[in-house]
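*Asks:* Structure in structure tokens, see below.
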Amino acid sequence: MKFKLEKRDFKPFLQSLIDGYDLYAPVHLAEGVPVYRKMGRPDEVDLSLLNPQKSLKEVFFPQDEVMFRYEKVDQETQMVSTEEVKRERVVLGARPCDIEAISIIEEVFSGREYTDIYFLNKRKATTIIGMACHQPLPTCFCSSTGGGPFVRKGSDLFLIDLGEAYLVEILTEKGEAFKKNKFFKKTSAKNLQLAKELEEKASKKTDSTIPVKGIDQKLDQWVESPFWDRVHEKCISCRVCTYLCPTCHCFDIMDEALNEKGQRVRNWDSCLSEFYTLETSGHNPRATCRERTRQRLMHKFNYFPKIFDRIACVGCGRCILYCPVNFDIREVIKEINAK
Amino acid sequence: MMEKSWEPKILAFLCNWCSYAGADLAGTSRIQYPSNIRVIRVPCSGRINPLFILKALQSGVDGVLVSGCHPGDCHYLSGNYIGRRKSATLKCFLEFLGIEGGRVQFSWVSAAEGVKFSRVVQEVTEEVKKLGPLKKFKKSSWFGVQSSEKENE
Amino acid sequence: MIQQKLREIAKELLMKKEVDLIIGFGEGTLPLRATPIFVRDPEEAERIIWNSFCENNLATYLHKFDRFKVGLIVKGCDARSVVALNLEKRFKNNPPFLIGVPCQRMVDRRKVKKAVKGEILKALEEDDRIIVEGEGFRVILKRDDFLYTSCQVCTHRTPVQANVLVDQPVEELPLVESHPDMDQFESKSLEERWKFFENEASRCIRCYACREACPMCYCRECFVDSSRPKWIEKGLSPSDLTFYHMVRAYHQSGRCSGCGSCERACPMEIRLNYLTQKLNRDAKELFGFEVGINPDGPPPLSTFETEDKQDFIK
């Protein structure tokens with residue numbers, strides 16, 4: 001099912017979503033820094049950056065999430081869990097790479113033995129409106145990792161910017177709930193033709209030459225390789241890559257409490273922190289940057305594929321763009337492939 | 001119900017050898033001073049880590065007073081001199097950021113100055129009362145089932 | 001040419017085995033970027049480059065490589081960081097060999113990106129021009145219009161301390177007490193200042209890139225990691241975010257060389273320089289101390305004068 005959404009109807013369309021759902025979209029925080037937040041007004045939307053620094057995982061797996069609250073009132077302890085999602089949600093403006101990354105996180109959080117209800121409840125209650133990438137960045141290599149700028153996998157609705165309007169594709173049952181939206185108009189053959197042309201053009205722009213195929217098998221023998229002695233040198237363990245990475249999902253659970261009341265909170269953590277693997281005995285198996293860099297790359301390209309049959313990288317390029325020292329994961333992959 | 005007018009909460013870090021003794025003297029001499037202050041005894045005013053002051057403000061006190069021995073009289077010889085530099089830096093910085101200078105105050109009170117201590121507490125309490133309750137920087141809501149939801153949600 | 005001289009010096013040092021490795025800059029994989037490189041073989045010295053994109057403070061690597069004898073390529077600000085570290089006796093047993101480059105000031109890549117419409121695919125530096133190319137555009141920019149703010153007000157572009165200088169010392173700006181970001185901030189009212197600061201800090205994602213990029217942040221256990229006492233939670237409450245930035249800046253007082261690495265590393269583009277510059281100015285006004293100039297003077301907060309300012313004390 002395909003429809004047309006005129007650009008002049010876009011803000012009213014957003015308002016119609018805000019009226020019926022909790023709408024999450026990139027919201028303007030500062031110039032060049034949009035962040036996925038719950039929108040209050042259509043004016044807040046900021047689609048200026050191809051991909052916000054903080055990826056889509058923020059919507060399903062917030063950086064700072066309260067799991068439950070407790071308080072001792074009289075002699076009784078009251079507890080309120082926050083796992084319940086009270087209102088249906090819609091995410092707008094998600095790119096194919098980020099959407100693919102959510103399915104990667106879902107592999108872990110809807111695991112074989114344990115499920116993460118906080119993540120899953122949010123996921124089940126969310127309709128994803130994906131958005132095609134017309135101008136992939138030079139750092140985008142989604143087509144090397146099995147994705148692409150117009151890949152619709154995981155989207156319930158898919159928007160393609162045609163200039164004066166968006167082409168809206170309804171792809172799933174969840175998406176069909178929106179087919180009666182009053183702003184969705186009929187498309188023309190011209191619209192569909194333009195969309196096809198844009199797709200062809202964009203698909204040539206992403207880098208499909210990064211040799212990720214077969215890298216998981218190659219790395220099987222590499223745990224003790226001297227390769228890792230040089231790779232880590234410029235890394236300063238700043239953790240930007242892990243926080244911005246749409247597939248990274250480590251977290252730390254802490255209790256914040258004061259006297260008789262408190263809450264249990266889950267915050268993002270990073271395997272690049274020096275204290276990430278510090279044990280109570282004082283021993284730290286990943287004491288230096290060498291072990292931590294090795295861990296990050298092995299996890300993405302060897303350990304994760306061994307368990308879930310897919311690499312934990314979607315080629316979004318954020319780690320390359322925002323690394324303060326220009327550590328380039330593409331160069332590392334090429335080096336591994338060359339050996 | 002009669003509304004009680006708001007009283008500021010002030011945390012006072014007093015050095016053990018001079019200011020705390022001075023406060024004690026004020027007590028034994030039966031000199032009245034406002035009961036808004038809560039005292040924490042430290043060995044020396046140089047012990048004060050700026051983190052103490054910031055944590056206090058974050059936790060909900062409306063003002064902080066740090067009091068030590070007069071220059072030259074420090075029990076540890078130079079602790080109060082070091083403390084003086086730290087205090088000057090912190091006070092300038094907090095005012096620069098937008099936290100009113102009147103909320104973080106410093107004094108020299110010797111063990112014999114019971115009267116001065118009560119005067120200092122009186123002044124500080126009045127100044128903080130004028131500034132009103134600290135709303136910025138305070139960690140609001142702070143969990144519990146009865147309290148409000150966290151801002152970011 | 002500075003680049004050639006750097007390669008020659010690096011090669012010589014490595015051949016004579018006076019250093020175990022040279023830390024300098026190499027070609028980046030993105031336009032407008034250079035990247036730190038670690039050269040151990042004399043032949044590899046050819047990878048060393050020098051341009052206006054060499055924005056990182058390499059002194060931060062001294063902590064990672066403190067078991068090696070390091071030859072470090074430093075700009076003015078980097079050299080001051082090393083001096084500040086020496087004051088704290090950080091590398092007493094293993095002082096680095098400093099290869100000083102009088103700095104031509106670095107280009108702010110974010111400013112350049114915002115000045116053009118479209119994605120930059122290639123960037124070239126030619127004398128005083130930056131030429132950026134993208135799909136369907138080629139723009140020539142005047143280099144001096146796109147410098148980092150911290151570079152614009154820098155008064156110590158020539159390394160104050162270096163074992164060897166690769167070029168003539170440059171003419172320094174007259175000592176200027178202000179910094180545009182700091183001045184603009186100070187001109188606001190008290191309430192506006194707090195609002196601005198809180199707003200900037202609200203973007204923070206607690207990644208600590210600012211901390212890791214800073215050569216002066218090398219505590220084994222940072223105050224944020226401390227759990228007994230727990231000063232600060234690890235979440236994103238506005239109070240904690242301002243607390244973190246306040247304290248990190250405060251811990252730089254009398255130590256920060258104004259290199260701007262913190263601001264450059266931040267993925268959320270938070271302004272940080274105005275905080276540390278304020279503390280530096282205070283150190284100068286209150287204690288007469290300037291970071292990285294005097295290699296002997298004790299750090300300002302670990303010493304005192306009997307006549308220190310105390311008009312704020314009751």
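The values are calculated or read from the model by the stated rules, or taken from the named source; none is laboratory data. Just so we're clear, the structure is a prediction, and the values are computed from it rather than from any experiment. Cβ atoms come from the backbone with ideal geometry, glycine included; neighbour counts cover every protein chain shown.
*Asks:* Among the listed residues A:T115, A:T82, which satisfies the condition of being out of contact with any His (no Cβ under 7 Å at 6 or more places or on another chain) and more than 14 Å from chain C (Cβ to nearest Cβ)?
*Replies:* That would be A:T115, the only listed residue that is out of contact with any His (no Cβ under 7 Å at 6 or more places or on another chain) and more than 14 Å from chain C (Cβ to nearest Cβ).
*Asks:* Sticking with this structure for a sec: In the stretch B:8-17, how many are in contact with an Asp or Glu (Cβ under 8 Å, 6 or more places away or on another chain) and under 14 Å from B:V120 (Cα atoms)?
*Replies:* Looking only at that region, the number is 1.
*Asks:* Is at least one residue of the stretch A:194-202 part of a loop (DSSP other than H, G, I, E, B) and either within 23 Å of the chain's Cα centre (by Cα) or at pLDDT below 90 (or both)?
*Replies:* no
*Asks:* Now, a different point. How many of the residues in the stretch C:27-37 are surrounded by 19 or more Cβ atoms within 10 Å (Cβ to Cβ), more than 18 Å from the chain's Cα centre (by Cα) and free of Cβ contacts under 8 Å to residues at least 24 places away in the same chain?
*Replies:* The qualifying residues number 1.
*Asks:* Considering only the stretch C:118-156, state which residues are within 10 Å of C:P31 (Cβ to Cβ), surrounded by fewer than 17 Cβ atoms within 10 Å (Cβ to Cβ) and of a type in the set (A, V, I, L, M, F, W, C).
*Replies:* Within the stretch C:118-156, C:L121, C:L124 meet the criteria.
*Asks:* For the stretch C:237-248, does any single residue satisfy the condition of being touching a strand residue (DSSP E or B) at 6+ places or on another chain (Cβ under 6 Å), under 24 Å from A:C241 (Cα atoms), among the acidic types (D, E) and without any contact (Cβ under 8 Å) to a residue 60 or more places away in the chain?
*Replies:* No, the conditions are met nowhere in the stretch C:237-248.
*Asks:* Is one or more of the residues making up the stretch B:66-82 closer than 30 Å to C:F196 by Cβ, of a type in the set (A, V, I, L, M, F, W, C), at pLDDT below 95 and within 16 Å of the chain's Cα centre (by Cα)?
*Replies:* no
*Asks:* Further question on the same structure: In the stretch C:193-303, which helices (runs of 4 or more DSSP H) lie fully inside it and hold 1 or more residues that are acidic (D, E) and more than 9 Å from chain B (Cβ to nearest Cβ)?
*Replies:* In the stretch C:193-303, the matching helices (runs of 4 or more DSSP H) lie at C:209-213, C:261-265.
*Asks:* Mind checking whether some residue in the stretch C:184-191 is of a type in the set (F, W, Y) and either touching a Leu at 6+ places or on another chain (Cβ under 7 Å) or surrounded by fewer than 18 Cβ atoms within 10 Å (Cβ to Cβ) (or both)?
*Replies:* no
*Asks:* Search the stretch B:97-119 for residues being more than 8 Å from chain C (Cβ to nearest Cβ) and in a loop (DSSP other than H, G, I, E, B), and hand back the single one that is farthest from C:N199 (Cα to Cα).
*Replies:* B:A112
*Asks:* Would you mind finding the one in C:E305, C:E290 that is surrounded by fewer than 22 Cβ atoms within 10 Å (Cβ to Cβ), without any contact (Cβ under 8 Å) to a residue 40 or more places away in the chain, over 16 Å from the mean Cα position of the chain (by Cα) and over 28 Å from B:K138 (Cβ atoms)?
*Replies:* C:E305
*Asks:* Filter the stretch A:15-45 down to the residues that are of a type outside the set (G, A, S) and within 13 Å of chain C (Cβ to nearest Cβ) and list them by number.
*Replies:* Correct list: A:V27, A:H28, A:L29, A:E31, A:V33, A:P34, A:V35, A:Y36, A:R37.
*Asks:* Restricting attention to the stretch A:171-193, which residues are part of a helix (DSSP H, G or I) and touching a helix residue (DSSP H, G or I) at 6+ places or on another chain (Cβ under 8 Å)?
*Replies:* none
*Asks:* In addition: Testing B:R85 on (1) within 11 Å of chain C (Cβ to nearest Cβ); (2) surrounded by fewer than 21 Cβ atoms within 10 Å (Cβ to Cβ); (3) part of a helix (DSSP H, G or I), one condition comes back false. Which one is that?
*Replies:* All conditions are met except number (2).
*Asks:* Filter the stretch C:266-295 for residues that are in contact with a strand residue (DSSP E or B) (Cβ under 9 Å, 6 or more places away or on another chain) and under 18 Å from C:Q184 (Cβ atoms) and give the result.
*Replies:* Selection gives C:E269, C:I270.
*Asks:* Which count do you get for residues in the stretch C:44-63 that are part of a helix (DSSP H, G or I) and either free of Cβ contacts under 8 Å to residues at least 24 places away in the same chain or within 13 Å of chain A (Cβ to nearest Cβ) (or both)?
*Replies:* So the count comes out to 8.
*Asks:* Pairs please, first residue from the stretch B:93-111 and surrounded by fewer than 23 Cβ atoms within 10 Å (Cβ to Cβ), second anywhere and in a loop (DSSP other than H, G, I, E, B) and not acidic (D, E), Cβ atoms under 8 Å, 6+ apart in sequence or on different chains.
*Replies:* B:F93/C:S253; B:G98/B:K136; B:G101/C:F312; B:S110/B:C18; B:S110/B:C69; B:S110/B:H70; B:A111/B:W17; B:A111/B:C18
*Asks:* Considering only the stretch B:120-139, how many residues are in a helix (DSSP H, G or I) and without any contact (Cβ under 8 Å) to a residue 24 or more places away in the chain?
*Replies:* The qualifying residues number 2.
*Asks:* So C:L241 ticks every box in (1) buried (at least 23 other Cβ atoms within 10 Å of the Cβ); (2) at pLDDT 90 or above; (3) out of contact with any Lys or Arg (no Cβ under 7 Å at 6 or more places or on another chain) but one. Which box is left unticked?
*Replies:* Result: C:L241 fails condition (1) only.
*Asks:* Given (1) buried (at least 22 other Cβ atoms within 10 Å of the Cβ); (2) at positive phi, identify the lone condition not met by C:K17.
*Replies:* Tallying (1) buried (at least 22 other Cβ atoms within 10 Å of the Cβ); (2) at positive phi, C:K17 fails exactly one: (1).
*Asks:* Scan B:L65, B:L77, B:L94 and give me the residue that is within 11 Å of chain C (Cβ to nearest Cβ) and part of a helix (DSSP H, G or I).
*Replies:* Of the residues listed, the single one that is within 11 Å of chain C (Cβ to nearest Cβ) and part of a helix (DSSP H, G or I) is B:L94.
*Asks:* Conditions: (1) farther than 21 Å from A:I253 by Cα; (2) outside any helix (DSSP H, G or I). A:A101 meets all but one. Number of the miss?
*Replies:* With respect to (1) farther than 21 Å from A:I253 by Cα; (2) outside any helix (DSSP H, G or I), A:A101 is out only on (2).
*Asks:* Looking at the stretch B:30-50 only, could you name the residues that are assigned to a helix (DSSP H, G or I) and within 13 Å of the chain's Cα centre (by Cα)?
*Replies:* Correct list: B:S45, B:P50.
*Asks:* In addition: Just to verify a result, which residue in the stretch C:85-133, among those that are in a strand (DSSP E or B) and within 24 Å of C:K69 (Cβ to Cβ), is farthest from the other protein chains (Cβ to nearest Cβ)?
*Replies:* C:G100
*Asks:* Modelled with pLDDT under 90 and more than 18 Å from C:V153 (Cα to Cα): is that true of C:G292 in this structure?
*Replies:* It is false that C:G292 is modelled with pLDDT under 90 and more than 18 Å from C:V153 (Cα to Cα).
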